[in-house]
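A quick write-up on the structure given underneath.
The values are calculated or read from the model by the stated rules, or taken from the named source; none is laboratory data. Not measured: the values here are computed from a predicted model. Reconstructed Cβ throughout: ideal geometry from the backbone, glycine too, with neighbour counts over all protein chains shown. The accessibility values were calculated without ligands, DNA or RNA, using every heavy atom of the protein model including side chains. Shrake-Rupley method; radii C 1.70, N 1.55, O 1.52, S 1.80 Å.
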Amino acid sequence: MIDYVRQLGGEALGTGPLAGGAAVAVWSLDTRLDVVGGLPVAEAARVLDAAELDQAGRRRQPADRHRYVASHIGLRLLLGGRLGLAPAEVVLVREDCPGCGGPHGRPAVAGGGVHFSLSHSGDVAYVALAPVPVGVDIEEVPGGRAVADVLGALHPAETAELTALPEADRPAALARVWARKEACLKGIGTGIGLGLVEPYVGAGPSPAPVPDWLLTDLPCPPAYAAALAVHA
């Protein structure tokens, strides 16, 4: 599993471990950057596909559009590096949803070759690449109001664990739960549409075991929580 997170900055990516590696790798990105991996965010139309540009355009706030575009440029750079393709040549598709069979399941690369997951929260994005299904999630620690809003939607054991904590400790613990749960659900391909009860991931310092998945917390900036789920 991963015990460190690589940093994707403004400098162009070198050749080497990305192109030939088949291991699980996680990268972080500051989505406020104006240049990602040597590619200017302002020139996104050269790199992103029509669907990504449409999604970017739906963000009303310029800062939100910038974060979205920066994270997707980073994703394409990392996928292209792993596959030996230019970022614009990476074709992204959606797998069938495992719940309903519709075309809105886990994002994937056309033709396979690598599995990936992208998450962004606040000013940080995480990208995970793996030879098997994978999910990654990063969450900014929420305010106390969010704990009250979500508490009853979690697994009963997680609700009990959070309730047992001092009130000041609950937001950070909720961020851990949410990141762990989202990582698993992204790996499965269902997302949170089916609710937040399952899988049980625990609110403690270490994640609870999840059948068929290797779940681990990831290093992350202060006031965030992050997790990685890799299909076992």
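Structure notes:
- Residues ASP217, ASP34, ordered by accessible area of protein heavy atoms at a 1.4 angstrom probe radius and largest first, appear as ASP34, ASP217.
- Among the protein heavy atoms, those of HIS104 account for about 100 Å² of accessible surface (1.4 Å probe, every chain in place).
- Each Lys and Arg contributes +1 and each Asp and Glu -1, all at the Cβ; summed about the Cα centre of segment 117-232, the dipole is approximately 120 debye.
- A probe of 1.4 angstrom, applied to the heavy atoms of all protein chains, finds LEU33 with accessible area near 50 square angstrom.
- For segment 61-137: rounded, prolate or oblate by the Cα gyration tensor [a/c cutoff 1.5]: oblate
- The antiparallel fraction among DSSP beta bridges confined to segment 93-232 stands at about 95%.
- Nearest 10 degrees, 0 to 90: helix 170-188 Cα axis against the chain principal axis: 50
- Whole-Hz couplings from phi, Karplus 6.51/-1.76/1.60, listed for segment 160-169; x for Gly and Pro: 5, 5, 5, 5, 6, 7, x, 3, 5, 8
- Simple rule: put +1 on each Lys or Arg Cβ and -1 on each Asp or Glu Cβ in segment 54-161, find the dipole, and look at ALA56, CYS97, SER119; the Cα lying farthest toward the positive end is ALA56.
- With the highest mean first, a sort of the peptides 149-157, 207-215 on other beta-carbon atoms found within 10 angstrom per residue produces 207-215, 149-157.
- Residue ranking by accessible heavy-atom surface, 1.4 Å probe, largest first, among ILE188, ILE2 comes out as ILE188, ILE2.
- Convex hull volume per residue, computed on the Cα atoms of the chain, equals 125 Å³.
- Longest DSSP-loop-exposure-free segment, GluC sites (Glu not before Pro), the chain, at most 15 other Cβ within 10 Å: 96-232
- Under the Karplus curve 6.51 cos²θ - 1.76 cosθ + 1.60, θ = phi - 60°, whole-Hz ³J(HN,Hα) for segment 109-126, x wherever Gly or Pro sits: 8, 4, x, x, x, 6, 9, 8, 8, 10, 9, 9, 8, x, 9, 10, 10, 10
- J(HN,Hα) series, segment 135-147, from Karplus relation 6.51 cos²θ - 1.76 cosθ + 1.60, nearest Hz, glycine and proline x: x, 10, 8, 10, 9, 6, 4, x, x, x, 4, 5, 4
- Prolate/oblate/rounded call for segment 105-166, Cα gyration tensor, a/c under 1.5 rounded: prolate
- Normalised per residue, the volume of the convex hull around the Cα set of segment 113-232 (Å³): 96
- Nonlocal amide H pairs with VAL36, under 5 Å, H built at 1.01 Å: VAL41
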